Amino acid sequence: MSLADIREGMGSNLESIAGIRVYEEMPDSPAMPCALIQLQDVTYDVTFQRGMTNYTFLVHLVVVRTTERRAQRKLDLFIDNGAKSVKTAIESDATLGGAAFDCRVTELRDIGPTTIGDIQYMSAKFAVTVIAE
């Protein structure tokens, strides 16, 4: 499967979260709140004879920062295991629509302010490991 198929599958899973926009490629000026899917690194030949590849993606969850406290509370909704959980949404179809053998959200990192186009937002980055051919 292609990287585009993996991104599309992950995007479809994230679209199950009400109220966020999902971008499979980094946009110039995203609408908030949003999830941005970014490939971070690739490990080739995980199994014998070029059998599997591990892809690590970062899903940037970005919200408007009207106040620090309000923005943190918005992020908490996506971090917790509730209806807006990013982890639950991504792992809802671990094959990403048939594009992968498995995917897992492995960690949450870098919770804090971020700047996009000279505007300050709050974000959290979810690391996602995808195993595919």
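In which sequence would 110, 41 go, from the one with the fewest C-beta neighbours within 10 Å to the one with the most? Could you put the intermediate results ahead of the total?
Values: 110 12, 41 9.
Exposure proxy ranking, most exposed first: 41, 110.
As a footprinting exposure proxy, order 86, 130, 64 by other Cβ within 10 Å, with the fewest listed first.
Values: 86 24, 130 27, 64 14.
Neighbour counts put them in this order, fewest first: 64, 86, 130.
Using alpha carbons only, how many degrees (0 to 90, rounded to 10) separate the axis of helix 3-14 from the longest principal axis of the chain?
50
Arrange the following residues from fewest to most other Cβ atoms within 10 Å of their Cβ: 65, 109, 7, 104. Intermediate values should be presented prior to the final figure.
Details: 65 19, 109 10, 7 22, 104 13.
Lowest count first: 109, 104, 65, 7.
Based on the Cα atoms of the chain, what semi-axes does the equivalent ellipsoid have, where each is the square root of 5 times one gyration tensor eigenvalue, given in whole Å with the largest first?
Semi-axes from the Cα gyration tensor: 27, 15, 13 Å.
Quick one: 3J(HN,Hα) in Hz for the stretch 36-45, Karplus 6.51/-1.76/1.60 with θ = phi - 60°, rounded, Gly and Pro as x.
Coupling constants for the stretch 36-45: 10, 9, 10, 6, 9, 7, 9, 10, 8, 6 Hz.
If I fit a long axis through the Cα atoms of helix 68-79 and take the longest principal axis of the Cα atoms of the chain, what angle between them do I get, 0 to 90°, rounded to 10?
Taking Cα atoms only, the helix is inclined about 30 degrees.
What 222 nm value per residue comes from the helices of the chain, counting each DSSP H run with n ≥ 4 as -39,500 (n - 2.57) and dividing by all residues, nearest 500 deg cm²/dmol?
Values: 3 runs with 29 residues, N = 133.
When only DSSP H runs of four or more count, the value is -6500 deg cm²/dmol.
Cα centroids of the stretch 97-131 and the stretch 1-28: how far apart, whole angstrom?
Centre-to-centre distance over Cα atoms comes out at 11 Å.
FYI, it's all coordinate maths here, none of it is from the lab. Just so we're clear, the structure is a prediction, and the values are computed from it rather than from any experiment. For neighbour counting, all protein chains shown are included, and Cβ atoms are generated from backbone atoms with ideal geometry for every residue, glycine included.
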